[in-house]
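Novice: Got a structure here, written out as structure tokens. Questions coming.
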Amino acid sequence: MSRLNLSALAVRERSITLFLIVAIILSGTYAFLRLGRAEDPSFVIKTLTVTAVWPGATAQEMQDLVAEPLEKRMQELRWYDRVETFTRPGIAVMMVTLSDKTPASAVAEEFYQARKKLGDEAPKLPAGVQGPFVNDEYSDVIFAVYALEAHGMPPRELTREAETLRQRLLHVPGVKKVNIQGERPERIFVEFSYARLANLGVSPKDIFDTLQHQNAVTPAGSIDTNGPQVFMRLDGAYDDLQKIRDTPIAAGGRTFRLADIADVKRGYEDPPTFLMRHDGEAALVLDVVMQDGWNGLDLGRALNA
């Protein structure tokens, strides 16, 4: 039996050979033009971070009462490999790593199962523990950064403009998500003088307790009728700055308005967690993350448009 000679076959079947060459060239050209272009290659990180906060607890208490129960739940994961825990007074940070053999397609499901197990364990943690908080998206690569500033505009209005711009950017093809950095949360400040409160016989604790109880949202039940069920609601939660000023404070057999003994004003987080500046001007920053496999050149042109 004669051996197969590809060279002779290609020469003999010239039309088929020419067709295959043209098809390969066209498909290669098309694939090259559609090739994704990014600053960094997309890869799957098989690690997530878990953070829990318990103000006032020692490092040993964080390890024994918070980190250890969470570690045991993480060991139930199918592709679990190891967990590295760092504890300090009041905080515990865990790095949960999946096995190297974990298929890339199974990582998202494993992270979802981890969130479920941590959520089931959270109610069993000691009172006062905040979290656990899970972060499994820190591997995102920022494609473009935009600074948004407006001289003289209040930060809350600048934040609204940033939210509007964020929604517009999310409609650009190729944008995976947009994060806003540098936002200063709004706060309501109640400022009073301890000497003045002492003269009036009012304790700061009286003010704190009154504000907390007045602003509580509690169920008030419902009324069953022949028609629809009517739900009752206590209208006590604060929704206006003037209502806070008009809050009655009872102490020493007398009743005061909060505005009579303290200054109530609206402001921003002070001191701020962090600030963003552009050319010395307070600004917000919008981080644009590109979808996996997308052409960065096309996304750049779309964002400019």
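Novice: Could you check the simple spin-label distance between R12 and H151, using points 7 Å along Cα→Cβ, in nm with one decimal?
Specialist: In this crude spin-label approximation the distance works out to 8.3 nm.
Novice: Next question. Please give the FRET efficiency for V172 paired with A250, using the beta carbon to beta carbon distance and R0 = 51 Å, rounded to the nearest 0.05.
Specialist: On the way: r = 57 Å, r/R0 = 1.11.
Efficiency, from the Cβ-Cβ distance: 0.35.
Novice: Now for a different question. Name the most mobile residue of A251, A144, A92, meaning the one with the largest mean-square fluctuation, in a Gaussian network model of the chain with Cα contacts below 10 Å.
Specialist: A251
Novice: Relative to the first principal axis of the alpha-carbon coordinates of the chain, what is the inclination of helix 204-214, with its axis defined by its Cα atoms, in degrees from 0 to 90 and to the nearest 10?
Specialist: Roughly 60 degrees between the two axes.
Novice: For a distance above 13 Å, tell me the whole-number percent of Cα pairs in the range 154-200 that qualify.
Specialist: Pairs farther apart than 13 Å: 69 percent.
Novice: Follow-up. For the chain, take the longest principal axis of its alpha carbons; what is the angle in degrees between that and the long axis of helix 155-170, to the nearest 10 within 0 to 90?
Specialist: 20 degrees
Novice: Sticking with this one: Can you tell which of D64, D263, D224 shows the greatest fluctuation in a Gaussian network model of the chain with Cα springs below 10 Å?
Specialist: Residue with maximal mean-square fluctuation among D64, D263, D224: D224.
Novice: I would also like to ask the following. Which whole-number percent is the relative contact order of the chain (Cα, under 8 Å, 6+ apart)?
Specialist: It rounds to 22 percent for the chain.
Novice: Which of rounded, prolate, oblate describes the range 85-196, given a ≥ b ≥ c as roots of the alpha-carbon gyration tensor eigenvalues and a/c under 1.5 marking rounded, otherwise prolate only if a/b is larger than b/c?
Specialist: Because a/c hits 1.5 or more and a/b fails to exceed b/c, the range 85-196 counts as oblate.
Novice: A further question follows. Any chance you could count the Lys pairs in the chain whose alpha carbons are under 18 Å apart, treating pairs 8 or more apart or on different chains as valid?
Specialist: Lysine pairs satisfying the spacing and distance rule in the chain number 8.
Novice: To one decimal place, what Kirkwood hydrodynamic radius in Å is obtained for the range 98-145 from all pairs of distinct Cα atoms?
Specialist: 13.2 Å
Novice: Okay, next question. May I ask for the Rg/Rh ratio of the chain, computed from Cα atoms with Rh as the Kirkwood radius, given to two decimals?
Specialist: Value, to two decimals: 1.16.
Novice: Assuming a viscosity of 1.002 mPa s and a temperature of 20 °C, what translational diffusion coefficient in µm² per second does Stokes-Einstein assign to the range 41-145, Rh being the Kirkwood radius over Cα pairs?
Specialist: For these conditions, the coefficient is 149 µm²/s.
Novice: Give, in nm to one decimal, the length gained when the segment between D100 and R301 is fully stretched (0.36 nm per residue of separation minus the Cα-Cα distance). Could the numbers behind the result be given before it?
Specialist: Details: separation 201, 0.36 × 201 = 72.36 nm, distance 3.78 nm.
Length gained between D100 and R301: 68.6 nm.
Novice: What accessible area per residue comes out for the chain, rounded to a whole number of Å², with a 1.4 Å probe?
Specialist: Ligands and nucleic acids excluded, the result is 68 Å² per residue.
Novice: Give, as a single signed number, the net charge of other residues whose beta carbon lies under 11 Å from the beta carbon of K177, with Lys and Arg counted +1 and Asp and Glu -1.
Specialist: -1
Novice: Still on this structure: Mind giving me the nanometre distance, one decimal, between the label points for Q113 and L20, set 7 Å out from Cα along Cα→Cβ?
Specialist: 4.6 nm
The values are calculated or read from the model by the stated rules, or taken from the named source; none is laboratory data. A quick note: this is a predicted structure, and the numbers were derived from the prediction, not measured. For neighbour counting, all protein chains shown are included, and Cβ atoms are generated from backbone atoms with ideal geometry for every residue, glycine included. In case anyone asks, the SASA skips ligands and DNA or RNA and just uses the protein heavy atoms, side chains included. Shrake-Rupley method; radii C 1.70, N 1.55, O 1.52, S 1.80 Å.
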